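What follows is a short report on a single structure.
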Amino acid sequence: MANILLAEDDKSMLNFLVLALERADHKVTAMQSGIDALNALKEGTKFDLLLTDIVMPGLDGIELAQKASDIYPDIKIMFITGFAAMAMRSDSDETPNNTKTMSKPFHLNDLVEQVENILTD
């Protein structure tokens, strides 16, 4: 079981992701913005994985990932996005090392499998 911080601004997508991850026996802290997720990181809870949408208002997922890596250098990061250009940006030098990107739409089973893979890398 991993402790996962989830940042997704689309409420229905957030709910689906929480359900899938909790069914896979993970503990999920769900936030609807990058700013709220950053605040959760600053509270000192140890997260194994940051699962974040890339495109969000205020603080986007890439900025959130950079800040998360500054706070917890060992945190694993997985991006989810519906925008191909953002997926390409997430593979750039701007992103922290332990990252993966998954493009929407995806099957929830595939997401859980990718989460398991990144956690065991």
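The values are calculated or read from the model by the stated rules, or taken from the named source; none is laboratory data. Bear in mind that the values here come from a model prediction, so they are computed numbers and not experimental data. With ideal geometry, Cβ positions are generated from the backbone for all residues, glycine too; neighbour counts draw on all protein chains shown.
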Tell me yes or no: at least one residue of the range 55-68 is touching a Pro at 6+ places or on another chain (Cβ under 6 Å) and within 21 Å of LYS11 (Cα to Cα). yes
Tell me, please, whether a residue that is in contact with an Asp or Glu (Cβ under 8 Å, 6 or more places away or on another chain) and acidic (Asp, Glu) can be found in the range 53-69. yes
Filtered residue count, the range 68-97, keeping only those that are at pLDDT 60 or above and either farther than 16 Å from ASP53 by Cα or surrounded by 18 or more Cβ atoms within 10 Å (Cβ to Cβ) (or both): 14
In the range 97-121, residues that are among the hydrophobic types (A, V, I, L, M, F, W, C), touching a strand residue (DSSP E or B) at 6+ places or on another chain (Cβ under 7 Å) and part of a helix (DSSP H, G or I) total 4
Looking at this structure, is ASP53 at pLDDT 85 or above and in contact with a Lys or Arg (Cβ under 7 Å, 6 or more places away or on another chain)? no
Number of positions in the range 1-22 that are without any contact (Cβ under 8 Å) to a residue 40 or more places away in the chain and surrounded by 18 or more Cβ atoms within 10 Å (Cβ to Cβ): 1
Return the residue satisfying two criteria in turn: it lies in the range 30-53 and is part of a loop (DSSP other than H, G, I, E, B) and either acidic (Asp, Glu) or touching a residue at least 40 places away in the same chain (Cβ under 8 Å) (or both), and of such residues it is surrounded by the most Cβ atoms within 10 Å (Cβ to Cβ). PHE47
Report yes if LYS100 is closer than 19 Å to ILE118 by Cβ and modelled with pLDDT under 95, otherwise no. yes
